[in-house]
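Working notes, structure below.
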Amino acid sequence: MKITAYFEDHKNVIDEELKKAQKEVLVAVAWINFELYESTFDSLLERNILLKIICTDNPSNRRYMDCIENLQKKGALIKLLQMPSNNNHMHHKFAIIDGVTILNGSFNWSLNAAKSFENLMLIKDCGSESKKFLREFDAIFKIEKETIKKLQKFSKCKDCNHGELVNILVFSERSSKYFETCGDLVRTCNSCFEFTTIQDCIQDTQLYLLVDNLRGCDDEYEYDYLDDLIYKHLESYSNLDIHAVGQVLTTLDFYDEEDVATRILWRNKFVGERLPNLLEHDFEVYYDN
């Protein structure tokens, strides 16, 4: 991995790196002066480079709608992301070139940013780190305002007064004799782990197989495909908010006594580190017949 930091001349660095693109350029930058970068984007499209751009849906970006629409007519895929509240932002400032080069930093692609103290990092040959950026870009490009609002919906725990309540679909450790996988949707605090069962005996083998395959997936494109299928599948639970999916896990401790826990198999992007990978609780989920 090679990292170079820039504290001036940011636009020229961006232009020069984008010119090197051979296949695709993915841009997620909060504020973009599309007129300033129009010629750069045009040259990419003229060379049949796939160009996908995400920026915040606000008046600053919308004043360039004529330029945006012209780029879209030439083949650019541009998304102005709406957020549930004016206090929420798509605040990223990164670009991915051919899946191997990352531009990232505090620098918005605007005239005002050029007059401020900003930084820009150029990261090359970053391997697994580039996959993280690709997954983040893909997730943001697909998501919509109402989905964001639903996924961000967390309540404070009244038992401990500082934890947050997370809805987890917890599958039983064992399948039924017909190989069906059942579980309960529980609402638990991520601090004290007091819980209530929202709905029991949910049979969803398809979802379980999706998250189980995702857990063992190493291929970035397959991972994104499976993750997308999970989000779409969860939309079928129109009246239930599901923030994470887990499964009861039984292990033996040092004294050969059973330890029961719940392993988190999948979590939505807004849960993140709110929820540990392993919860020392089975949430009384047990189906085996």
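The values are calculated or read from the model by the stated rules, or taken from the named source; none is laboratory data. Treat the numbers as computed from the prediction; the structure is a model and nothing was measured. Because the Cβ atoms are built from the backbone with ideal geometry, glycine has one as well, and the counts that use them run over all protein chains shown.
One residue stands out in region 194-224 among those that are in a loop (DSSP other than H, G, I, E, B) and modelled with pLDDT of 90 or more: the one that is farthest from Asp282 (Cα to Cα), namely Asp204. When the criteria are applied in full, Met65 meets the requirement of being more than 21 Å from the chain's Cα centre (by Cα), assigned by the TED database to the domain that holds Phe141 and surrounded by fewer than 20 Cβ atoms within 10 Å (Cβ to Cβ).
Considering region 10-43, and only residues there that are closer than 18 Å to Ser116 by Cα and in contact with a helix residue (DSSP H, G or I) (Cβ under 9 Å, 6 or more places away or on another chain), the residue that is surrounded by the fewest Cβ atoms within 10 Å (Cβ to Cβ) turns out to be Leu36. Taking the listed residues Glu38, Glu24, the one that is at pLDDT 95 or above, farther than 21 Å from Glu136 by Cβ and in the same structural domain as Glu136 (by the TED database) is Glu38, with no other qualifying.
Quick check on region 130-146. Is at least one of its residues in contact with a Leu (Cβ under 6 Å, 6 or more places away or on another chain) and at pLDDT 90 or above? Yes, region 130-146 contains a residue that is in contact with a Leu (Cβ under 6 Å, 6 or more places away or on another chain) and at pLDDT 90 or above.
Tallying residues that are modelled with pLDDT of 85 or more and outside any loop (DSSP other than H, G, I, E, B) within region 231-258 yields 9. Among the polar types (S, T, N, Q), in the same structural domain as Val166 (by the TED database) and buried (at least 19 other Cβ atoms within 10 Å of the Cβ), is that true of Thr205? In short, no.
Which residues, counting only those in region 180-194, are over 14 Å from Gly246 (Cα atoms), over 26 Å from the mean Cα position of the chain (by Cα) and hydrophobic (A, V, I, L, M, F, W, C)? Of everything in region 180-194, just one residue is over 14 Å from Gly246 (Cα atoms), over 26 Å from the mean Cα position of the chain (by Cα) and hydrophobic (A, V, I, L, M, F, W, C), namely Cys192.
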